[in-house]
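The values are calculated or read from the model by the stated rules, or taken from the named source; none is laboratory data. Quick caveat: nothing in here was measured; it's all calculated off a predicted structure. All Cβ positions, glycine included, derive from the backbone under ideal geometry; neighbour counts span all protein chains shown. We work out accessible area using only protein heavy atoms, side chains counted, and drop any ligands, DNA or RNA first. Shrake-Rupley method; radii C 1.70, N 1.55, O 1.52, S 1.80 Å.
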Amino acid sequence: SFSFFVPEKENKIQIKDCLFFACFLNWVKKAVKMFAWKAVLLLLLTAGRAVAAAPELALSVENGKVSYDRSLLRIDCNGADAAGCTKAQIYMDSPRFVYDAQGNIAKVYLKFGLRNVTVYILSSIPKGSCEFDLVLKHELTHVAVARKVVKRFAREISKALLATLDEGTASPYQIAKMIDRYHRQMIEEKNRQDSLLDAPGAVVYQWEQCEK
């Protein structure tokens, strides 16, 4: 008969190897569990930070109600005599900040737009005449241009503010400065558009329509 004999020393080595392998497997299992818990905890913390770093923006834009004034015998429009003139103020209120429990910006309220919109037409121009209709149309074009400028900048300001708030690094002072910069740009753009409308060539062409 054939028998397989394993020396006692070799057998002890195998037993030690098996014990080491079992311990290693047990360590790996514990490490995996620990890593899993840490991963879950990290995800929860990250999600918490993501929620805190997503402030809201409440934007209110005013188009401005138009009032009319036909009581003037003479109209000085930006230093020149005119048959009509439109005054419209582009305003920007200071932003209002709301903070969460950690002191982070949670919401920003911002209101801007047009106000004190008044269309002036000389009292000497008869209502219903070609000249009156021409002046009224011209001045209402100024109103439409101002509203268009405000609407365009509302989109730009909203996009820039949301991007800045999402970054979470800007202070209320920095945000207020950025908003003020946009306010000045709006006024400059409105003045530029008004100058194009009131260019001498454009005004002469409009008056010629009533001479035909």
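Could you say which residue among TYR109, TYR120, TYR91 is among the aromatic types (Phe, Trp, Tyr), at pLDDT 95 or above and crowded, with 19+ Cβ neighbours inside 10 Å? Quick ask: steps written out before the conclusion?
Working: TYR109 fails: crowded, with 19+ Cβ neighbours inside 10 Å; TYR91 fails: crowded, with 19+ Cβ neighbours inside 10 Å.
Of TYR109, TYR120, TYR91, the one residue that is among the aromatic types (Phe, Trp, Tyr), at pLDDT 95 or above and crowded, with 19+ Cβ neighbours inside 10 Å is TYR120.
If you check LEU197, LEU165, LEU161, which single one turns out to be surrounded by 11 or more Cβ atoms within 10 Å (Cβ to Cβ), in contact with a helix residue (DSSP H, G or I) (Cβ under 9 Å, 6 or more places away or on another chain), within 19 Å of THR86 (Cβ to Cβ) and among the hydrophobic types (A, V, I, L, M, F, W, C)?
Details: LEU165 fails: within 19 Å of THR86 (Cβ to Cβ); LEU161 fails: within 19 Å of THR86 (Cβ to Cβ).
Just one listed residue meets the conditions, LEU197.
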The lone exception for LEU114 - which of (1) open to solvent by 30 Å² or more (accessible area, probe 1.4 Å); (2) in a strand (DSSP E or B) it fails: (1)
Quick one: what pairs do we get from region 63-75, first residue outside any loop (DSSP other than H, G, I, E, B), second among the polar types (S, T, N, Q) and at pLDDT 95 or above, C-beta under 7 Å, 6+ apart or different chains? SER67/THR118; ASP69/THR118
Just name the residue that is farthest from ALA88 (Cα to Cα) out of those in region 168-191 that are open to solvent by 80 Å² or more (accessible area, probe 1.4 Å) and among the charged types (D, E, K, R). LYS177
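Per-residue answers, yes or no, for (1) in a helix (DSSP H, G or I); (2) under 13 Å from PRO95 (Cβ atoms):
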| site | (1), (2) |
| --- | --- |
| VAL149 | yes, no |
| PHE153 | yes, no |
| ALA160 | yes, yes |
| ASP166 | yes, no |
| GLN193 | yes, no |
| CYS210 | no, no |
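Residues of region 142-158 being hydrophobic (A, V, I, L, M, F, W, C) and surrounded by 13 or more Cβ atoms within 10 Å (Cβ to Cβ), which ones? Full working, then the answer.
First pass over region 142-158, keeping only residues hydrophobic (A, V, I, L, M, F, W, C): 143-146, 149-150, 153-154, 157.
Passing the criteria: VAL143, VAL145, ALA146, VAL149, VAL150, PHE153, ALA154, ILE157.
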Got a number for residues in region 84-118 being touching a residue at least 40 places away in the same chain (Cβ under 8 Å) and closer than 18 Å to LEU162 by Cβ? 13
Would you confirm whether or not region 125-136 contains a residue that is touching a residue at least 40 places away in the same chain (Cβ under 8 Å), among the hydrophobic types (A, V, I, L, M, F, W, C) and open to solvent by 50 Å² or more (accessible area, probe 1.4 Å)? yes
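Just checking, how many residues over region 76-92 are closer than 24 Å to ARG152 by Cβ and assigned to a loop (DSSP other than H, G, I, E, B)? Outline the logic, then answer.
First, the residues of region 76-92 that are closer than 24 Å to ARG152 by Cβ: 78, 85-92.
Next, from what is left, pick out any that are assigned to a loop (DSSP other than H, G, I, E, B): 78.
Within region 76-92, residues that are closer than 24 Å to ARG152 by Cβ and assigned to a loop (DSSP other than H, G, I, E, B) number 1.
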